[in-house]
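What follows is a set of notes on a single structure, which appears directly below.
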Amino acid sequence: LALGWLLFAGIVALVGFMRFLTVDPRDTAELCIEVSMLLLPIGGFWLVMARFGARPLGFGDTIVLLTAVHFHYAGFALLILAGLAGRRPRAGAPAVWRIFRLVAAGLIAGVPLVALGITFSGVLEILAVLLLTSSVLALALLTLVAIVPQLARRAARLLLAISALASVATMLLAAGYAGGSIVGLALTIPQMVLAHGAVNAFGLVLCGLLAWTLELSMM
């Protein structure tokens, strides 16, 4: 099953690459979606490694599985949500669009930098987590202030607001996990799975995707 998912993820990445060749690279909203599609097979690869019990780069079983999870959620789903949000101010709100482009740059760079930091440098990991965290928090604020009021459906507005607020909670937990060890208050991985992981899955991603599914069904 994992190998089948990796094959599907490769097809998604191919479509993302074709989009990258045909869509204006200055369109940051579409770039978020394209990068998300290119990152998906990385998550698929780590999922296959987890199912086979492999330990790439000497990581333990838990880290291998969590790497797969993070590339699916932070690398794939989060960037899709960012891209869908960015489409709204692209045409009619130049000031919001400029802010979004900066936020999107942090999101796109944050995920691979976190992975590199975990692999090679604790200092880079902390800096990358802070970059990703601040970018997600900025996206949440931008979504609540400038995107949610534009949605036509009340249910979509509510779900997207829940998604944005969930991202605030999970990113604060991520920052606490990355920096807590410095002051001796680090959260454990089981605690992060229960809090950060569950709220990301059901709050940020599920509610966010449901919101945009409802909204786009009217178009």
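The values are calculated or read from the model by the stated rules, or taken from the named source; none is laboratory data. All values derive from a computational prediction rather than experimental measurement. So basically every Cβ, Gly included, is an ideal-geometry build from the backbone, and we count neighbours across all protein chains shown. To get the accessible areas, we keep the full protein, side chains included, count just its heavy atoms, and leave off ligands, DNA and RNA. Shrake-Rupley method; radii C 1.70, N 1.55, O 1.52, S 1.80 Å.
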Handout entry: Cβ pairs under 8 Å, 6+ apart, first in region 68-97 and among the hydroxyl-bearing types (Ser, Thr, Tyr), second in a helix (DSSP H, G or I) and surrounded by fewer than 21 Cβ atoms within 10 Å (Cβ to Cβ)
Key = Tyr73/Ala201
Handout entry: Residue ID - modelled with the highest pLDDT, chosen from residues in region 150-159 that are outside any helix (DSSP H, G or I) and among the aliphatic types (A, V, I, L, M)
Key = Leu151
Handout entry: Filtered residues of region 202-219 (kept if in contact (Cβ under 8 Å) with a residue 60 or more places away in the chain and open to solvent by less than 20 Å² (accessible area, probe 1.4 Å))
Key = Leu204, Val205, Gly208, Ala211, Trp212, Glu215
Practice task
Run down Ile147, Ile108, Ile162 and say which single residue is assigned to a helix (DSSP H, G or I) and either in contact with a Pro (Cβ under 8 Å, 6 or more places away or on another chain) or of a type outside the set (A, V, I, L, M) (or both).
Solution key: Ile147
Problem - Checking Ile108 against (1) under 19 Å from Ser36 (Cβ atoms); (2) in contact (Cβ under 8 Å) with a residue 60 or more places away in the chain; (3) surrounded by fewer than 17 Cβ atoms within 10 Å (Cβ to Cβ), the condition it does not meet - result: (3)
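Yes/no matrix, rows are residues, columns are (1) modelled with pLDDT of 95 or more; (2) open to solvent by 50 Å² or more (accessible area, probe 1.4 Å); (3) small (Gly, Ala, Ser):
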site: Leu141; (1), (2), (3): yes, yes, no
site: Ala161; (1), (2), (3): yes, no, yes
site: Ala164; (1), (2), (3): yes, no, yes
site: Met171; (1), (2), (3): no, no, no
